[in-house]
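The values are calculated or read from the model by the stated rules, or taken from the named source; none is laboratory data. Note that the coordinates shown come from a computational prediction; the quantities given were computed from them, not determined experimentally. Because the Cβ atoms are built from the backbone with ideal geometry, glycine has one as well, and the counts that use them run over all protein chains shown.
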Amino acid sequence: MSIFNSSVVIKQGYMVKRSQNKKLYTLVNYKKRWFVLTKKYLIYYEDDNAAKKKEKGRVELDRVHTIESAQCFFSNEEVGVDGELFPFLVGYHQDDDYTLFLLTIRSLDRVEWILAIREACANNKNVKYYFHPAPWNGRKWHCCKINTKLAEGCRECSTWVPIQNGSPSKDSVKENLKNKENINTLTDRDRNEDIDGIELLDELQFLSVVEA
Ligand SMILES: [Zn+2]
């Protein structure tokens, strides 16, 4: 198999996946799945066990617009896993806008998955500048309590598309921020709330220093 083959596995492992609720009347659930990242897809299987290696879904990476650490919006009882869990999200657009919330058991796993998916999506266009770090619950956003589903995200995305690829620079993102007074108000209020993404950002910065 050539290393240029798009089906080559970049990263794989177990994560807990929150249901995406693409159908209107399904209940939220959490399932442990085996995830496989290739250059083109993030695919999830029922299990890594060959007998149960049934594909349950996949995200086309060129449709991804957001890859960020998420807020802890769930309880251990809900997820059915003990101990601390580290959530992140993959937002993408396919007919409609969807967010895949994923939970890792170790903090470092989350960092590694985010970096790997961002690298695979490095040339993506239309990446978002704002996101909601917690899900829409059918009535409001869990993070900012706004009750409009189409409301722009309440948190600023971190820059993850390399600047040399002709993507918007951090400065243009900042400029964009200045023009959005209403979002700034939300962001300021939101900054006071506890989010474990801050720690992740430090880790990411540390990793990028190490890799440089
Ligand atoms: Zn929000």
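Look at the stretch 123-144: where a residue is free of Cβ contacts under 8 Å to residues at least 60 places away in the same chain and a partner is within 7 Å of the ligand (Cβ to nearest atom) and among the small types (Gly, Ala, Ser), sitting 6+ places away or on another chain with Cβ atoms under 6 Å, you get 130/153; 132/153.
Residue pairs whose Cβ atoms lie under 7 Å apart, separated by 6 or more positions or on different chains, with the first residue in the stretch 145-157 and over 19 Å from residue 127 (Cα atoms) and of a type outside the set (Asp, Glu) and the second in a loop (DSSP other than H, G, I, E, B) and more than 11 Å from the ligand (Cβ to nearest atom), are 147/139. Might you let me know whether the stretch 94-117 holds any residue that is modelled with pLDDT of 95 or more, in a helix (DSSP H, G or I) and of a type in the set (S, T, N, Q)? The answer is yes; a qualifying residue exists. Applying the criterion of being hydrophobic (A, V, I, L, M, F, W, C) and under 19 Å from residue 91 (Cα atoms) to the residues of the stretch 19-33, the residue that is surrounded by the most Cβ atoms within 10 Å (Cβ to Cβ) is 28. Each residue in the stretch 120-172 was checked for being of a type in the set (Lys, Arg), loosely packed, with under 12 Cβ neighbours inside 10 Å and either within 9 Å of the ligand (Cβ to nearest atom) or at pLDDT 95 or above (or both), and 1 pass.
If we scan the stretch 137-149, do we find a residue that is among the aliphatic types (A, V, I, L, M) and closer than 18 Å to residue 19 by Cβ? Full working, then the answer.
Of the stretch 137-149, the ones among the aliphatic types (A, V, I, L, M) are 146.
Keeping just the survivors that are closer than 18 Å to residue 19 by Cβ gives none.
Checked against the condition, which is being among the aliphatic types (A, V, I, L, M) and closer than 18 Å to residue 19 by Cβ, the stretch 137-149 yields no hits at all.
Scanning the stretch 6-44 for residues that are within 20 Å of residue 98 (Cβ to Cβ) and over 18 Å from the mean Cα position of the chain (by Cα) returns 23, 24, 25, 26, 27.
Taking the conditions (1) in a strand (DSSP E or B); (2) of a type in the set (A, V, I, L, M, F, W, C); (3) closer than 18 Å to residue 134 by Cα in turn, residue 74 satisfies each one other than (1).
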